[in-house]
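Engineer: What follows is a structure written as structure tokens; I'll ask about it next.
The values are calculated or read from the model by the stated rules, or taken from the named source; none is laboratory data. Values in this document were obtained by computation on a predicted structure and should not be read as measured data. Reconstructed Cβ throughout: ideal geometry from the backbone, glycine too, with neighbour counts over all protein chains shown. Calculation scope for accessible area: heavy atoms of the full protein, side chains included, ligands and nucleic acids excluded. Shrake-Rupley method; radii C 1.70, N 1.55, O 1.52, S 1.80 Å.
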Amino acid sequence: DLGLFEKLATEVAARNGQFIETQHMSNFLWACATVGYTDERMFSAFAPVIESKLDECNEQDLTNIAWTYSVANAPQDIFNKGYVGALTSKENEFSCEQLAQLH
């Protein structure tokens, strides 16, 4: 039920990232894109939250987020110097599978 994703996205966006672990956030976004819930408003609401937590993201979080925004054809505003910096700071830690997701 996509309505459940909408309710969860609304709740997460209302919290402005408070009490949200990066793994939970990246997994939630991945799940949304996987089931086809690609509401642009949700992805726009998550962008500042992601940006504020880049230093907490591990390589899997970063690849999930990149894959999700690409699959959802969401605004790519978050892929700025901060995101690129987060990727390059962990470049030696990415697995081949994770690198393949960064298309």
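Engineer: Work out how much length GLU93 to THR10 would gain on full extension: take 0.36 nm times their residue separation and subtract the Cα-Cα distance, in nm to one decimal.
Structural biologist: 26.6 nm
Engineer: Could you give the accessible area per residue of segment 24-103, probe 1.4 Å, as a whole number in Å²?
Structural biologist: Result: 52 Å² per residue.
Engineer: Per DSSP helix of 4 or more residues, -39500 (n - 2.57); summed, then divided by the residues of the chain. What does that give at 222 nm, rounded to the nearest 500?
Structural biologist: Rounded to the nearest 500, it is -20000 deg cm²/dmol.
Engineer: Which ³J(HN,Hα) values in Hz, rounded to whole numbers, follow from the phi angles of segment 55-67 under the Karplus curve 6.51 cos²θ - 1.76 cosθ + 1.60, where θ = phi - 60° and Gly and Pro get x?
Structural biologist: 5, 8, 6, 8, 5, 5, 4, 5, 6, 4, 5, 4, 4
Engineer: Rounded to a whole number, what is D in µm²/s for the chain from Stokes-Einstein with the Kirkwood radius over alpha-carbon pairs (4 °C, 1.567 mPa s)?
Structural biologist: Translational diffusion coefficient: 95 µm²/s.
Engineer: Show me 58-64, 84-90 ranked by packing, highest mean number of other Cβ atoms within 10 Å first.
Structural biologist: 58-64, 84-90
Engineer: Loop-only chymotrypsin sites (Phe, Trp or Tyr not before Pro) in segment 1-64, please: DSSP not H, G, I, E or B, and at most 10 other Cβ atoms within 10 Å.
Structural biologist: Passing sites in segment 1-64 are PHE19.
Engineer: Suppose every K and R has +1 on its Cβ and every D and E has -1 on its Cβ; what is the size of the dipole of the chain about the Cα centre, in Debye to the nearest 20?
Structural biologist: Value, rounded to 20: 160 debye.
Engineer: Could you please state how large a percent of the accessible area of the chain is carbon and sulfur, counting protein chains only and using a 1.4 Å probe?
Structural biologist: 51
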